[in-house]
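Visitor: Please see the structure below; I have some questions.
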Amino acid sequence: MSEFEFEVIDDKDVEFVRRGRKSSVAPELVEMLKKLPKGKTAKITSMAGNPKDEKTYTAHKARISATLRSAGKQAGKTVRITWTPTGVPQVSAK
């Protein structure tokens, strides 16, 4: 006798929990991206990082980029993210 108990179910009956944290994006950021016209870029100085901090800057850029992409998705736009040499993210709508 096996120690495993299992039940075969239909694919439509599969239950699951999403992995990771639920992203929370500031509604003001989503609204700004909704109103951002093509051909314009928003420079978001409040999300700047310090490029001289080699230990945390890469992670900071990844975290902020993910937040901006999520906000773009909620705004119904595909966004392009570029960074200034001083560590400020710039977002434009594609």
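Every read-out reported here was derived from the displayed coordinates using simple, explicitly stated rules and does not represent laboratory data. Here the structure is a predicted model, which is why all the values come from computation and not from measurement. Here the Cβ is made from the backbone with ideal geometry for all residues, glycine too, and neighbour counts use every protein chain on show.
Visitor: What is the Cα coordinate range of segment 1-91 on the first, second and third principal axes, sorted by size from largest, in whole angstrom?
Guide: 65, 34, 18
Visitor: Now for a different question. Per-residue ellipticity at 222 nm for the chain, helices alone: DSSP H runs ≥ 4 residues times -39500 (n - 2.57), over residue total, nearest 500 deg cm²/dmol?
Guide: Values: 2 runs with 28 residues, N = 94.
Theoretical 222 nm ellipticity from helices: -9500 deg cm²/dmol.
Visitor: Calculate the all-directions average of the projected area of segment 40-94's alpha-carbon convex hull, and give it in nm².
Guide: Average projection, Cα convex hull of segment 40-94: 3.5 nm².
Visitor: Can I ask one more? So which of K35/K55; K40/K61; K61/K94; K12/K61; K12/K73; K35/K61 end up more than 30 Å apart by C-alpha?
Guide: Exceeds cut-off: K35/K55; K12/K61.
Visitor: Treat the count of other C-beta atoms within 10 Å as a stand-in for reagent exposure and order S70, S46 from fewest to most.
Guide: With the fewest neighbours first, S70, S46 line up as S46, S70.
Visitor: Could I ask something else about it? At a 10 Å Cβ-Cβ cut-off, how would you order E7, E31, fewest neighbours first?
Guide: Listed from fewest to most nearby Cβ atoms, that is E7, E31.
Visitor: Still on this structure, please answer the following. For the chain, what is the charge dipole size about the Cα centre, in debye to the nearest 20, if Lys and Arg each add +1 at the Cβ and Asp and Glu each add -1 at the Cβ?
Guide: Here the chain has a charge dipole of around 1200 debye.
Visitor: Sticking with this structure for a sec: Counting other beta carbons within 10 Å of each Cβ, put V14, V79, V88 in order, fewest first.
Guide: V14, V88, V79
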